[in-house]
Structure formats: structure tokens, C-alpha cells
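This report refers to the structure that appears directly beneath it.
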Amino acid sequence: RLSIASLGPLGFGGEGTFLIRSGASDGDETALRVGTDVEAPFDGGVVNIPDAYVAGMAVTFTVVPRDAFGNPQDYSLAPFDSFRAEATIAPAEFAIGGEFAAVEVDPPSAKDKSAGFVPAYSRVVAFTPTVSGAYEVDLIFSNSGSTGEAKISVTFSVEASALDARGAVVSGDGVNRGRVFRPQTFSVLMHDAYGNPVAAERPGVAITAVFTSADDPADSFTAAVAWNTKLGRYNAEYSAENPGLYYANLTLDAGDGRGPNALALPSSYVGTVIEAESVDTQKCEVSGAGVGSDPIGAGTPAVFTIRARDKYGFRIPRGGAVFHALARGRNGTSAEGTTVRLDSLADEGDGTYTATYRPIKAGDYSLSVRRAGEELTIAGSPFNVTVVPGATSAARSKAYGDGLCAASAGRLAMFRVQAYDAFGNKKTDSHDEFRFSVRGVDHPTPMTAVGNGTYEGSYVVDRSGPLVVSVSYRGESVGGGGGGGGGEGC
């Protein structure tokens, strides 16, 4: 309002100079400036900012105070204005600190300043959200010249910032274990430096996953890594060809020119175990003296090993398979009708199984090794096993012949010994040394080997009288007797 009287009398045609200043800020005219040319009044409404902010980026709201006539507010009335900002919706507890700062705009010219004009100003508040999600912030204005408070609500969203290799979360069975030639998967959930999950694919980002053998650095395989829109994460898939222990190396190239960085793996990660397939009976191997071509001595523990393999021929490094073995005497041999079962079959837990049996009957056998009733034919089952007599036993060996019972003075007397082992098997070799004595006098030479485990002794007595012939093997009496020969038919 202008009162001419306040300027003094004016004559006709006279001139007068006066100063008009802006009035108090008014809520209906005070506005939130969005962008460069869009303004919204403090009328209780809601302004939505469509473009998302990035976590860690400063969010700035500019308020343009005006009086009831739309004139920009100046500094002279600034102390009477009150502005504050309050977060009403946020994904995490969030407070906006600090005061609205006054920023000079459209500074007056030197002439206006000399005439008494002061600069107009705007109010600015800035804050930095670090948690992604939806936000709503109320901007509230009041001054001593208005009744109540004027408000405007601003809604906006914050999205994750650049991918941070240290914030990767790798999960899924495929990163810890797998089986040969079977597709295995695991996932990679990326986060930014503030821990926000990255829920949308970022252009230029590449994740690589390479697994290297712990035993052979030249043995490695790569997983294909691609963004999964439905799950909002990266999915990795691979199919390994060789079993064993591998170590994963995952790297992130964020496309920012800084090159690849190693992704963090779970703290529990100790390696990726690629297992062979399930046991294939026809791929298993059997080896050892218990199935070899060399004869087995009766009473000697015979040992052989079964190595489990899968259908690809890979050795299975775990236990759990069940095998059976049984030896039967071959028809037409001295062992016909004899059955020998395993004394033990130990699961070593590493894919090998140790079998032990102890045949005591000499002869030829057929040793069958099976799994679930199926013969291990490729491995050579049934195996031809030959059991030969064991070590010679004095107690089981037998002396026989007339020379043990009677002799004529001056004439040659003869007898024989058939060697046996401790299990009653007739010896077939003649490498032992049997000795005898006549009337308590040791014969100077051992008995003569005549073949097939048979030995012959001869002597001449020079006088008649009682006859005692004793036969021994390594100091023990043949046939278990304490003297008198232990011969048959005496």
C-alpha cells in the first residue's frame, strides 16, 4: 500500500521517489523449486521426483520464499522466517540435520543498493542418504506474520551406488561342491559400498568365475555368469569335467576403468569339491596279491583292493559302496567243493575297499567279486586263484615204510616221509630237509628228496636187537611222536 501523504506534498507535475520493499514471506507464494524451472507451492501437496538419487549423493532442496504479492523475500525479513525438513518415510532410521542455508539470488545492482534495496535469497537444505529405498521428506515453513505452518511433501527414491567387490554375497551349493558333467549353479548378490543390494543390471559390468585345481594349475574350468532379472542377482553355472578339489577366483569389472577386483567369498569357503558320479560296477578296478597270478600259500592272508570308479572312469574319493567276494574250488581240482569267504572287507572311506581272505585248502579257485549281484567283469572277475600248500609241518608230515619197523643186520633198510603243511595239504615240492636217527645215532646225511614232497631214508644195522628209528624236521619229530619214528604200519 502506498500513502502519498507519507511522502509530503507534491505539486502539479512534481516528482517523488520512494522505496517499495517485499513483505513477509507467504506460504501460498513460497515455493519448492524442482529442477531449474519447475516450482511447487507450500500448499500441503506432494511433489514426486521421478529420477532416483544414488546412495551417497547429496540431495538438495531449494525453497524460494516470496511475499503475498509474489515478490522474492529479502534479507531484511529473513530472521522472521522458519524452515525445517523432516523425514517421514525412509528405509532406515534417518534424520536430516543442519539448518536451511540462505543463498543470495539475483543480487541488486549498485544503483538499487544505493537506493536501499537488499538482495533476495533462497533457502537450501542438503543431506546425503546412504540406504536405498523410498523416501518422503516434509518441508515446513512458518513466520511470525502467518498463522500456522505451510508444508509440502517430497517423495523420491534412492538406488544403490556403484558395485563394490567387497560387498559381494556368493551363495549356493555350486560354489562349494559339484559332480562331474552335471550343471551346477550358484548366485552372486552384489552390493554397493553402503551395503545396498544392487537389484538392477548395470551396463558394462562383468563378473568372471574361474576354478583352478588344487593339484594341477593347468586344470581349470570357468563358470558362465549372467544377470537374472527375475531374482535381481547374478547367476553362475558350470559343468566340470574332472573330479577333485578346486579353488574359486571370482572377479568384478565394474566398467569404471579401475579393472577387475576380487569378489569376497564366504568365510566358510575352503574350496570347491567336484565329485565323481555314482559307482559304475563295470568301471571299478581290482588289484593285489589276492587276485594275482602268483600262487597263494595256504593259511596266508590274501589281500586285494577294489577301487570304485564312476561311468566316466573317474576314481570316486568317497566310501559307501558295498562289494562282495567269494572263492569256490574249481571242479575237477583238489579244491572242488571248497568255499572260502572273506575274512574282512574294509571301506577305507576314500573310494577304496580292502578285502582279506585266508584259504587253507590247496587247489585252484574261482574268486568272484560283485557289487549288487553284478560281476566286476571288466576288472577281471571271476579271478583264477591258485592256492599251494603252506609251510611244511613236522606234526602233519608222515613217515612210512618197512625200514621204520624192522631191519636185517648187514642189509639195507629203507623208509619214506611225505611232507604236509599244517592244514593237511600234501606238499608238492621237495626243498625241505628231513633227518633221522637209528638207535639214537644221527644219520650223517639228510633224507633224499625223490619228488612231490617225498623223501627217502636208508641205513644198515650191524647187529640184531631192538630197533628205534626217529624222523625229524627242524628238530621236531615227524608225526608228532617223541621217538620211534611215528611211522605208519609199525
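Here is how the numbers come out for the structure above:
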read-out: All positions within segment 238-264 that are exposed (fewer than 13 other Cβ atoms within 10 Å of the Cβ) and hydrophobic (A, V, I, L, M, F, W, C); value: Ala262
read-out: First in segment 293-310 and among the aromatic types (Phe, Trp, Tyr), second anywhere and modelled with pLDDT of 95 or more and part of a loop (DSSP other than H, G, I, E, B), Cβ under 9 Å, 6 or more apart; value: Phe304/Gly288
read-out: Within segment 112-133, considering residues that are hydrophobic (A, V, I, L, M, F, W, C) and in a strand (DSSP E or B), the one modelled with the lowest pLDDT; value: Ala120
read-out: Asn331, sole failed condition from (1) open to solvent by 30 Å² or more (accessible area, probe 1.4 Å); (2) in contact with a strand residue (DSSP E or B) (Cβ under 8 Å, 6 or more places away or on another chain); (3) over 24 Å from Pro183 (Cα atoms); value: (2)
read-out: Condition check for Gly70: modelled with pLDDT of 70 or more, surrounded by fewer than 16 Cβ atoms within 10 Å (Cβ to Cβ), in a loop (DSSP other than H, G, I, E, B) and small (Gly, Ala, Ser); value: yes
read-out: Single residue of segment 270-309 satisfying the filter (among the acidic types (Asp, Glu), assigned to a loop (DSSP other than H, G, I, E, B) and modelled with pLDDT of 95 or more) that is surrounded by the fewest Cβ atoms within 10 Å (Cβ to Cβ); value: Asp294
read-out: Scope segment 167-182; condition assigned to a loop (DSSP other than H, G, I, E, B) and more than 11 Å from the chain's Cα centre (by Cα); matching residues; value: Val180, Phe181, Arg182
read-out: Restricting segment 363-379 to residues that are out of contact with any Asp or Glu (no Cβ under 8 Å at 6 or more places or on another chain) and closer than 19 Å to Glu336 by Cβ, the residue that is most open to solvent (accessible area, probe 1.4 Å); value: Asp364
read-out: Segment 311-348, residues that are without any contact (Cβ under 8 Å) to a residue 24 or more places away in the chain and under 25 Å from Lys283 (Cα atoms); value: Arg341, Leu342, Ser344, Leu345, Ala346
read-out: Residue check, Thr229 within 30 Å of Gly133 (Cβ to Cβ), of a type in the set (S, T, N, Q) and open to solvent by 60 Å² or more (accessible area, probe 1.4 Å); value: yes
read-out: Counted residues, segment 184-219 - those being assigned to a loop (DSSP other than H, G, I, E, B) and either open to solvent by less than 40 Å² (accessible area, probe 1.4 Å) or more than 22 Å from Gly56 (Cβ to Cβ) (or both); value: 9
read-out: Checking Asp164 against (1) in contact (Cβ under 8 Å) with a residue 40 or more places away in the chain; (2) within 18 Å of Pro266 (Cα to Cα); (3) crowded, with 16+ Cβ neighbours inside 10 Å; (4) out of contact with any Lys or Arg (no Cβ under 8 Å at 6 or more places or on another chain), the condition it does not meet; value: (1)
read-out: Residue under evaluation Pro382, criteria (1) open to solvent by 30 Å² or more (accessible area, probe 1.4 Å); (2) touching a residue at least 60 places away in the same chain (Cβ under 8 Å); (3) under 26 Å from Thr333 (Cα atoms), criterion not met; value: (2)
read-out: Which numbered condition Thr222 fails, given (1) at pLDDT below 95; (2) open to solvent by 40 Å² or more (accessible area, probe 1.4 Å); (3) within 23 Å of Val169 (Cα to Cα); value: (1)
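Per-residue answers, yes or no, for (1) in contact with a helix residue (DSSP H, G or I) (Cβ under 9 Å, 6 or more places away or on another chain); (2) not in a loop (DSSP other than H, G, I, E, B); (3) not hydrophobic (A, V, I, L, M, F, W, C):
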{"residue": "Arg328", "(1), (2), (3)": "no, yes, yes"}
{"residue": "Asp350", "(1), (2), (3)": "no, no, yes"}
{"residue": "Ile378", "(1), (2), (3)": "yes, no, no"}
{"residue": "Ser408", "(1), (2), (3)": "no, no, yes"}
{"residue": "Arg416", "(1), (2), (3)": "yes, yes, yes"}
{"residue": "Tyr420", "(1), (2), (3)": "no, yes, yes"}
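The values are calculated or read from the model by the stated rules, or taken from the named source; none is laboratory data. Predicted model only: the values in this text are computed from it and were never measured. Neighbour counts are summed over all protein chains in view; Cβ atoms, including those assigned to glycine, are modelled from backbone coordinates with ideal geometry. With ligands, DNA and RNA removed, areas are computed over all heavy atoms of the protein, side chains included. Shrake-Rupley method; radii C 1.70, N 1.55, O 1.52, S 1.80 Å.
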